[in-house]
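Encoded as structure tokens, the structure appears first; notes follow it.
The values are calculated or read from the model by the stated rules, or taken from the named source; none is laboratory data. Just so it is clear, the structure is predicted and the values come from calculations on it, not from any experiment. Here the Cβ is made from the backbone with ideal geometry for all residues, glycine too, and neighbour counts use every protein chain on show. All accessible areas refer to the heavy atoms of the entire protein, side chains included, with ligands and DNA or RNA removed. Shrake-Rupley method; radii C 1.70, N 1.55, O 1.52, S 1.80 Å.
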Amino acid sequence: MNIFLVHHRSPHHANNSGYGRLMDYTNAKVVYGNTKFPFRIAKILAGFHSQNLGNYNVGSVLKAIELLQLLKKHKGQKNIVHFLNGERDIRHLGFFKRKFPNTKFCATFHKPPKVLKETISNPKALQKLDGVVAVGANQVGFLKDWLQLENVAYIPHGVDTEFFVPNTSVRENNSLLFVGQHLRNFDTFNKSVPRLAAAIASLQIRVVIHPAYRSKIEPHSCVDILSEVNDEQLRTLYQQATLLYLPLMDSTACNSLLEAMACGLPIITTNVGGNANYLKNTSNILVESGNIDDFIDETIALLQDEPRLTKMGKASRDRAVELEWEKVMRDVNGFYEKLS
């Protein structure tokens, strides 16, 4: 069985992050859109496609052409085509399935149901998929109904537990870390910072965020905003922090939570989306959405309880090991076998 991974990398992910890491754990051909097809013509073709069926651009056209060329070379063989980001690049599945009847097409979706409905108002291009992977337990029922597809498997997102590792020798006291921008609850964060600073002596909050979103963070003397950090710097920030402080609007799988867990970091976040399943058996704190008082009270109490912090940090690391990429890839391979 031949595996073809249609890859899209989010620019805000660290090199050791993101769902594309699957390709490091399988013997698959990765489709990047490498083809001699003229870029200018591909750009014109992309312009004919509506975005309400999912994101489709010139890169998507080039990937489709490269995929067509590859499937022609393996015509008559059993093939699996896996779109690693189902929110983009998917068109023409009717054509592909007629031309290559031995090929099965699947995709992984990363966005919460509400976001999928808002950004892809017409899922007809996606409803020709043979199977779907959900990275959030909160996606499964929605995807079955939305795509009119029974073959939906929940397979958690993975994390690199060899790169993201604990280092207690650099751990600091009263140090909070906030990472990322996608679906972050900046309102809760900004309203809680002054009250936390008033209650916690020498509080330090580091914020790792894309430069375009720096204005989302209200200035405060205890807040240090960092952008364009490299992988090693990001890992050190996880290792230094006392606690990951991450209010969210929604989620499926969150790289920041996974990486923090792998670094043995206690976590306080919002009880939304797929968070409860990722944090199960860790004693990490899930606060109900909109409850700023609980975010503040729980954080203050936790920073004063070193034994609890230690226990939560160990449980975080143990849970992350359950989600290391090699184990996730085994589950994905099992999904491929059932699909074929």
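Could you count how many residues in region 256-295 are of a type in the set (S, T, N, Q) and in contact with a Gly (Cβ under 7 Å, 6 or more places away or on another chain)?
1
One residue alone among L265, L237, L309, L286 is among the hydrophobic types (A, V, I, L, M, F, W, C), within 29 Å of V328 (Cα to Cα) and buried (at least 24 other Cβ atoms within 10 Å of the Cβ), and that residue is L265.
The condition (being over 16 Å from E66 (Cα atoms), at pLDDT 95 or above and open to solvent by less than 70 Å² (accessible area, probe 1.4 Å)) is satisfied by just one residue among E118, E87: E87. Filtering region 162-213 to residues that are under 29 Å from P307 (Cβ atoms), of a type outside the set (V, I, T), open to solvent by 10 Å² or more (accessible area, probe 1.4 Å) and outside any loop (DSSP other than H, G, I, E, B) leaves S169, P194, R195, A197, A198, A199, Q204, R206. Within region 161-175, residues that are under 17 Å from S316 (Cβ atoms) have Cβ atoms under 6 Å from residues that are open to solvent by less than 100 Å² (accessible area, probe 1.4 Å) and in a strand (DSSP E or B) in these pairs: T161/E324; S175/Q204, counting only partners at least 6 apart in sequence or on another chain.
Taking region 266-297 as the range and being within 26 Å of the chain's Cα centre (by Cα), within 17 Å of I205 (Cα to Cα) and of a type in the set (D, E) as the test, no residue passes. Of all positions in region 131-145, at least one carries a residue that is touching a residue at least 12 places away in the same chain (Cβ under 8 Å), in contact with a strand residue (DSSP E or B) (Cβ under 6 Å, 6 or more places away or on another chain) and open to solvent by 20 Å² or more (accessible area, probe 1.4 Å).
In this structure, is Q181 farther than 21 Å from L302 by Cβ, of a type outside the set (V, I, T) and within 19 Å of the chain's Cα centre (by Cα)?
Yes, satisfied.
Can you say whether N27 is touching a residue at least 24 places away in the same chain (Cβ under 8 Å) and within 26 Å of D231 (Cα to Cα), as far as the supplied structure shows?
Working: touching a residue at least 24 places away in the same chain (Cβ under 8 Å): yes; within 26 Å of D231 (Cα to Cα): yes.
Against the criterion (touching a residue at least 24 places away in the same chain (Cβ under 8 Å) and within 26 Å of D231 (Cα to Cα)), N27 qualifies.
Taking every residue in region 43-57 that is more than 18 Å from F109 (Cα to Cα) and pairing it with any residue that is polar (S, T, N, Q), at least 6 positions away or on another chain, the pairs with Cβ-Cβ distances below 6 Å are A46/N57.
Candidates are the residues of region 323-340 that are touching a strand residue (DSSP E or B) at 6+ places or on another chain (Cβ under 6 Å) and of a type in the set (A, V, I, L, M, F, W, C); the one that is surrounded by the most Cβ atoms within 10 Å (Cβ to Cβ) is F335. When we screen E326, E322, E306 for residues that are closer than 25 Å to F83 by Cα and free of Cβ contacts under 8 Å to residues at least 12 places away in the same chain, the only hit is E322.
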